[in-house]
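Below you'll find the structure, written out as structure tokens, and then a few comments.
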Amino acid sequence: MRKIPEGTVRSIRDWQQIITEWAICKGFSWTKKNVDTMLLRIHSEISEASEAIRDDNFEGFAEELADIFIRLVNLCEVSGIDLEKAVIKKYNKNLDRPYLHGRQKK
């Protein structure tokens, strides 16, 4: 595995493959049987991001958000989900939703 220079643009699909290859090289050979564990690890990263922002640690917050992305794209790759395609589909669906949908009026 080699480093990726800052400013290098990759598709979400590329990241799914790059991160999963890296994870396997580091001994994390996840399978669909590990989805629950992978979700818990994402939850852990979200908690760490929350702690960082509470402490006004914006550098730490950015790092934790990157960890969330890394774990998410790895989970998608393991699960056979094309995240880029899913995001586009969901974005297009959300375009038709009303302003502040889901909020209850007071």
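Need one word for the stretch 32-94: rounded, prolate or oblate. Basis is the Cα gyration tensor (sqrt eigenvalues a ≥ b ≥ c); a/c below 1.5 gives rounded, then a/b vs b/c decides.
oblate
Give the calculated FRET efficiency between K26 and Y99 to the nearest 0.05, with a Förster radius of 41 Å applied to their Cβ-Cβ distance.
The calculated FRET efficiency here is 0.40.
Please compute the volume of the convex hull spanned by the alpha-carbon atoms of the chain and report it per residue in Å³.
165 Å³
Please compute the modelled spin-label separation between A66 and K90, points set 7 Å along Cα→Cβ, answer in nm with one decimal.
Going by the 7 Å Cα→Cβ label model, 2.3 nm.
Hey, what do the phi angles of the stretch 47-57 turn into as Karplus ³J(HN,Hα) couplings, whole Hz, using 6.51/-1.76/1.60 and θ = phi - 60°, x for Gly and Pro?
4, 5, 5, 5, 4, 4, 6, 4, 8, 6, 9
How much length would be gained if the chain were fully extended between E59 and N34, taking 0.36 nm per residue of separation minus their Cα-Cα distance, in nm to one decimal?
6.0 nm
Could you size up the charge dipole of the chain around its Cα centre, putting +1 on the beta carbon of Lys and Arg and -1 on that of Asp and Glu, and report it in debye to the nearest 20?
740 debye
Pairs K26/K85; K32/K93; K3/K89; K32/K85; K32/K90; K26/K90: which exceed 29 Å Cα-Cα?
K3/K89; K26/K90
Among Y91, G60, A23, which residue has its Cα furthest toward the positive end of the charge dipole of the chain, with +1 on Lys/Arg Cβ and -1 on Asp/Glu Cβ?
Of the candidates, Y91 comes out farthest on the positive side.
If each residue's Cβ is checked for other Cβ atoms within 10 Å, how do L40, L72, L65 rank with the fewest at the top?
Fewest-to-most ranking of L40, L72, L65: L40, L65, L72.
On C-alpha positions alone, give me the angle between the axis of helix 83-94 and the longest principal axis of the chain, in degrees, nearest 10.
The two axes meet at around 0 degrees.
Please rank S29, S79, fewest neighbouring Cβ atoms within 10 Å first, as an exposure proxy.
Exposure proxy ranking, most exposed first: S29, S79.
Give me the percent relative contact order of the chain, please, defined on Cα pairs under 8 angstrom at least 6 residues apart.
In percent, rounded to a whole number, it is 34.
Each reported figure results from applying straightforward, stated rules to the coordinates on display, with no laboratory input. Given the structure is predicted, the values throughout are model-derived calculations rather than measurements. Positions of Cβ are backbone-derived with ideal geometry, glycine not excepted, and every protein chain shown enters the neighbour counts.
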